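As C-alpha cells, the structure follows; a few thoughts come after it.
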Amino acid sequence: MPTPVQRALLATLLAGLCCAGATRDVPEPFWTTPDSRAARQAATWREDGRTADATLMDRIAARPEAEWLNGPNPGPVVRARTAAATRAGQTAVLVAYYIPNRDCGQYSLGGAPTGTVYRTWIDEFATALGDRGAYVVVEPDAVAQVVAGCTRVVANDRYALLAYAVDRLGRQPHTHVYLDAGNSGWIPEAWRLVDALKASGVARADGVALNVSNFQTNKASSVYGDQLSKDLAGTHYVIDTSRNGNGPYAGTDAWCNPPGRALGTPPTTRTDNPLLDAYLWIKRPGESDGTCRGGPAAGRWWPAYALELARNAGP
C-alpha cells in the first residue's frame, strides 16, 4: 500500500495531468520529473492539510523543468533522466553547468578544476546521452560574463571549452544543443556577444538560450533573439520563461530573488516565431539565486519563494 505522502504525490501529478489536458490539445514533448522538489513539497503540504498551498505548488510540479548537472560524475543522472523521458515518449531538458571558474566566483562559484577535467566531464555527459537525445543548455552565463568583463578567465580558453562542449554534445543523435547567450537586460547590445558566441561554436549548435535564470519578458527576449539571429546567420533560440510572468524587477539587484515575480509561459515548442524553438523552464522555480533577500544558498529549494511565484501567476 502506498504511504500517505506517496498518495498525495500521486494526487499532485494526476492534478497536473488533468490541468495540462484541459488547456492543450496535443502533448508537449518535454518530460516532467515526478519527484521534483515542487512535487514533494505539494505532497507534504497536502499531508499537512495545506491543500490550498499544495494546489498552487501543483502549478510548478506539473510542468517540465530542466535538470542541472553542476558537479562531478554527470553520467548516472543524465542516463537516468533521459531514459525515463524516453520511456514516456518525451524529451529531457538538461543544463551543463561545470565550466571552470563558473559564475566568475559569485554565488554559484565552482566548476571543473581544469580545462582537461572539463573536457572529460563533457565526454561523460555526452556518452550518457547515448541515442536517447535531450535539449541541452550549455553553460549559463559563461559567454556573457566574459563579454561583461570577468577577469577570472582567459577569454579564448573559455571559448575553446565551450566550443568543445557544443561539438561533443552535438554529435549525439537526437540531442539539441543551445549555447547560453545571457539576457536582454544584461548586455542590451546583442552585437557585443556575436564574436564571443562564434568563437564558442554557436554555428554548430542548434541555437542559443536566452533569459536563463532571469526575468526579461517574452517580447524583450524575442526581440533580442531575433537580433542575434540576424547577426549570426539565422541561428534559432529558446527562452527561459520559468519566472518571467511579471517581467523584471525595477529595484536594485534585480537578478537575485527579486520580489513580486511570477511563473511565465509553460514549456512548449509551440511558438509564434519560426526562430523561437521553445519556451522552457530552465531555472527551476523555487530554487534560490543566492543568499540575497533572505534566500538560501544558490540552487537550494526555497518553498516560500516558489509559492510566491505560483501565487503571482494568477488563476
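Some observations on this one:
- Pairs where the first residue, in the stretch 182-198, is β-branched (Val, Ile, Thr) and the second is buried (at least 18 other Cβ atoms within 10 Å of the Cβ), C-beta under 7 Å, 6+ apart: ILE187/ALA144; ILE187/VAL147; ILE187/LEU193; VAL194/LEU232
- Cβ pairs under 6 Å, 6+ apart, first in the stretch 84-105 and outside the structural domain of TYR135 (by TED's automatic domain parsing) and β-branched (Val, Ile, Thr), second crowded, with 24+ Cβ neighbours inside 10 Å and part of a loop (DSSP other than H, G, I, E, B): none
- Among the candidates THR241, THR268, the residue that is touching a helix residue (DSSP H, G or I) at 6+ places or on another chain (Cβ under 7 Å) and within 23 Å of TYR135 (Cα to Cα) is uniquely THR241.
Listed here are the residues, each with its yes/no results for (1) buried (at least 21 other Cβ atoms within 10 Å of the Cβ); (2) modelled with pLDDT of 95 or more; (3) of a type in the set (D, E, K, R).
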| position | (1), (2), (3) |
| --- | --- |
| LEU228 | yes, yes, no |
| ILE239 | yes, yes, no |
| ARG243 | yes, yes, yes |
| TYR249 | no, yes, no |
| ALA254 | no, yes, no |
| PRO259 | no, yes, no |
| ALA262 | no, yes, no |
| THR268 | no, yes, no |
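- Here the stretch 271-282 is the region considered, the condition is being touching a helix residue (DSSP H, G or I) at 6+ places or on another chain (Cβ under 7 Å) and outside any strand (DSSP E or B), and the residue that is surrounded by the fewest Cβ atoms within 10 Å (Cβ to Cβ) is ASN273.
- Residues being more than 21 Å from VAL93 (Cβ to Cβ) and modelled with pLDDT of 95 or more - total across the stretch 306-315: 4
- Residues that are surrounded by fewer than 15 Cβ atoms within 10 Å (Cβ to Cβ) and aliphatic (A, V, I, L, M) within the stretch 294-313 comprise ALA297, ALA304, listed in sequence order.
- Among the residues of the stretch 33-47, those identified as surrounded by fewer than 21 Cβ atoms within 10 Å (Cβ to Cβ) and in a helix (DSSP H, G or I) are ARG40, THR44, GLU47.
- When the stretch 33-62 is filtered for residues that are touching a residue at least 40 places away in the same chain (Cβ under 8 Å) and among the hydroxyl-bearing types (Ser, Thr, Tyr), the ones remaining, listed by number, are THR33, SER36, THR55.
- In the stretch 215-226, the condition of being of a type in the set (Val, Ile, Thr), touching a Ser or Thr at 6+ places or on another chain (Cβ under 8 Å) and surrounded by fewer than 23 Cβ atoms within 10 Å (Cβ to Cβ) is met by at least one residue.
- Of all the residues in the stretch 205-234, those that are touching a residue at least 40 places away in the same chain (Cβ under 8 Å) and either outside the structural domain of VAL136 (by TED's automatic domain parsing) or over 19 Å from the mean Cα position of the chain (by Cα) (or both) number 5.
- Only residues that are more than 24 Å from VAL208 (Cβ to Cβ) and either touching a strand residue (DSSP E or B) at 6+ places or on another chain (Cβ under 6 Å) or part of a helix (DSSP H, G or I) (or both) were counted across the stretch 63-76, and they come to 2.
- Each residue in the stretch 85-100 was checked for being assigned to a helix (DSSP H, G or I) and crowded, with 16+ Cβ neighbours inside 10 Å, and 2 pass.
- Qualifying position, being touching a residue at least 24 places away in the same chain (Cβ under 8 Å) and touching a Leu at 6+ places or on another chain (Cβ under 7 Å), among ALA144, ALA163: ALA144
- Considering the stretch 101-118, and only residues there that are surrounded by fewer than 16 Cβ atoms within 10 Å (Cβ to Cβ) and among the aliphatic types (A, V, I, L, M), the residue that is farthest from PRO74 (Cα to Cα) turns out to be LEU109.
- Some residue of the stretch 244-263 being touching a His at 6+ places or on another chain (Cβ under 7 Å) and among the hydrophobic types (A, V, I, L, M, F, W, C): no
The values are calculated or read from the model by the stated rules, or taken from the named source; none is laboratory data. The structure displayed is predicted, hence computed values, not measured ones. With ideal geometry, Cβ positions are generated from the backbone for all residues, glycine too; neighbour counts draw on all protein chains shown.
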